[in-house]
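A short worksheet on the structure shown next.
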Amino acid sequence: TNPTETKTSAAVTYQFPTDFWWGTASSATQMEGAAFEGGKGLNIWDYWYMQQPNRFFNGVSATEASNFYHLYEQDIALMKELGHNTFRFSISWSRLFPEGVGEVNEEAITFYNNVINCLIDHDIEPFINLYHFDMPMALQDRGGWESRDVVDAYVQFAKTCFELFGDRVMTWFTHNEPIVPVEGGYLYDFHYPNVVDFKRAVQVAYHSILSSALAIQAYRKQGQPGQIGIILNLTPSYPRSQHPADLKASRLADAIFNRSFLDPSVLGTFPKELIDVLQEQGAMPEMQPGDLDLIRANTIDLLGINYYQPRRVKAKASLPNPDAPFLPENLFDFYEMPGRKMNPYRGWEIYEQGVYDILINLKDNYGNIPCFISENGMGVEGEERYRDTDGSVQDDYRIDFIREHLKWTHRALEEGANVKGYHLWTFMDNWSWSNAYKNRYGFVGVDLATQERTVKKSGHWFKQVITNHGFTE
Ligand code: BGP
C-alpha cells in the first residue's frame, strides 16, 4: 500500500494507501442536540448559555444543534453513501453520567450502542473521543479540571466507556485539543468558567495530561484490544526571521502551545523551555508523588492532529504591563506575514505546508508515532450565498483547501511520515462553541429551520477521492 506520486507531462496523481482512513470528525455537544432529553445532565455549555446567552453568536444555544441524537441513522447512511470508512465522535460525559459520577444513564448507553452498531453495520469504523470541551456542570461546581477529584471522576467515565463499548470500538482518544479549555476557560475568556489566571490554567493543563495518562493506563489494564491516543491542535510555530531573538520567541511559543501536550503525550516528558517559564512565573502545578512516572509510562499509541493554521512569532517589541495578569504573549508577539493567504471568513491564515511540517517533525523528533489528520477544514460565514439552484452549496474553495492539504500530506507520506488518514472537520454543519452556527464547515449543509441535509459539492468531490484512493490533476 505504498503511496505513489505519478508524474506525466500533463497530470500528477496523488495516490494514497488503500487502507487510508477517510472521514470526518465531530463532537457530542456540537452535533447531538437533545441537550435536555434522554436523561442528559447539564454541562458547562448548557449552563453558560442560561447565564449569558449573549455570549453566543445570534444568541443560539447547543440545545438542538444538528439533532444527530434523533437523526443518526439517516446521517450515518449518508456517510456511507459518500464513501467514508471512519467517523470520529465524542461521548457526552453528562449524557452518560448526568452528575459526572455515580449513576450511569441507561438511555445514553442505548444511544451510543445504537450509533456504534449502526456505523459498524455500514462498514464505517467508529473512532471515539472521550472529552471534547464538555465538563458536566456538577463537576465544574467541584472545581472542574482544577480538581484532582475530577481527574478521578474522568477516569471512572473513561473506564465505563471502555467496558461498555471497547469490544466494538478499536480506536479511542482521551481528549480533543486539551489546550483549548485551558486557553478558553482560564486564559482568554472564551469558554466557561471565564477565568484569567496563568497558574490556574497550568493546573488545568497538568490535570488534563495526567487524566489522559490514567485513562491510557486503565485501557491497557483492562486488556482492551484496540489502540488509544489523544487529539492535539498543532500550530507549527514559524519565526519572523532567523534573528536569535525571533528564533527564541518562536521556540517558546512552540513549547507553550504545542509541546506542552505533545511531549508528555508522545514522549512522556515535559519540555525544559516550558518548565523554565512555569518556574519563573511561580506557576508550577501541584503534583503527587508518582505522577511523573505514570505520565512517562503511559504514552499514546496514536496521535490525532488537528491542523487549521500556523503561528507566526517574533520577539517581543515592548515590555508587558507589569500590573496585568501574566499571559504567554508576555514572552513573544504574534506576527502577520505579509502576503499570507487567509480564510477571510474565519480570520485564519491558510498555510497548507504546515501539515507537512507537522508530519515531518513527528517523523524526525517523535519516533514517527502513528498519526492521522483528525481535523482540518474551512469555516465559511454566509455560505448560503454559494447555494446553487438545485440547493447544493458550490464550495469550490473548500475543495481547493482540502486538495492542497492532501497534497502536502501525500508528500510527507512519500517521505516516510506515519500518517494513516484524513478527517475533515466536519460531516455536516454543526454548532460551534461561542460562534454557534456562524461558520459552516460540513460536507453536508444543514438547514437549521427544517434540519434538512444537502450534500455540498465538496462532499461529492471527496467521495471520488475516496473511491480512487486519491486524485489526479
Ligand atoms: C476545533 C475544535 C472543533 C471545532 C473546530 C472549528 O478547535 O476541535 O470543536 O469547533 O475547531 O473551530 P470553530 O468552530 O471555532 O471555527
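Please treat every number below as a calculation from the coordinates, not as lab data. None of the values given here were measured: they were computed from a predicted structure. Cβ atoms come from the backbone with ideal geometry, glycine included; neighbour counts cover every protein chain shown.
Near the amide H of R346, within less than 5 Å, lie no amide hydrogens of residues on another chain or at least 5 residues away, with H placed in the peptide plane. Working from label points 7 Å from Cα in the Cα-to-Cβ sense, the M287 to R340 distance is 3.4 nm.
The distance linking region 144-187 with region 312-366 is 28 Å (Cα centroid to Cα centroid, whole angstrom). Projected label points at R220 and E37, each 7 Å from Cα along the beta carbon direction, are separated by 4.1 nanometres.
Bridgeable lysines around K438 (alpha carbons under 24 Å apart, same-chain partners fewer than 8 residues away excluded): K341, K456, K457.
Quick one: which of 45-58, 365-378 comes out on top by average Cβ neighbours within 10 Å, and what's the full order, highest first?
On the way: 45-58: 15.7, 365-378: 20.7.
Highest mean packing first, the order is 365-378, 45-58.
What is the sum of charges around P17, taking Lys and Arg as +1, Asp and Glu as -1, for the other residues whose C-beta is under 14 Å from the C-beta of P17? Mind showing how you got there, number by number?
Details: positive: K420; negative: E5, D19, E414.
Every neighbour counted, the sum reads -2.
Any idea how far the Cα center of region 380-422 sits from the one of region 61-84, in Å? Spelled out, the Cα-based centre of one part sits 20 Å from the other. The spacing between region 28-48 and region 198-217, judged by their C-alpha centroids, is 24 Å.
How large is the translational diffusion coefficient of region 192-340 in µm² per second when you combine the Kirkwood radius over alpha carbon pairs with Stokes-Einstein at 10 °C and 1.306 mPa s? Intermediate results must be reported in sequence, preceding the final value.
Working: Rh = 16.9 Å.
This corresponds to a translational diffusion coefficient of 94 µm²/s.
Apply the Kirkwood formula to the chain: the hydrodynamic radius equals the inverse of the mean of 1/r over all pairs of different alpha-carbon atoms; give it in Å with one decimal. Could the numbers behind the result be given before it?
Numbers: mean 1/r = 0.0439 Å⁻¹.
Roughly 22.8 Å, rounded to one decimal.
Could you tell me what percent of the DSSP beta bridges with both partners in region 4-472 are antiparallel, to the nearest 5?
Numbers: 20 of 56 bridges.
Here the antiparallel bridges make up roughly 35 percent for region 4-472.
For K272, a cut-off of 24 angstrom between C-alpha atoms picks up these lysines, skipping any fewer than 8 places away in its own chain: K199, K248, K314, K316, K363.
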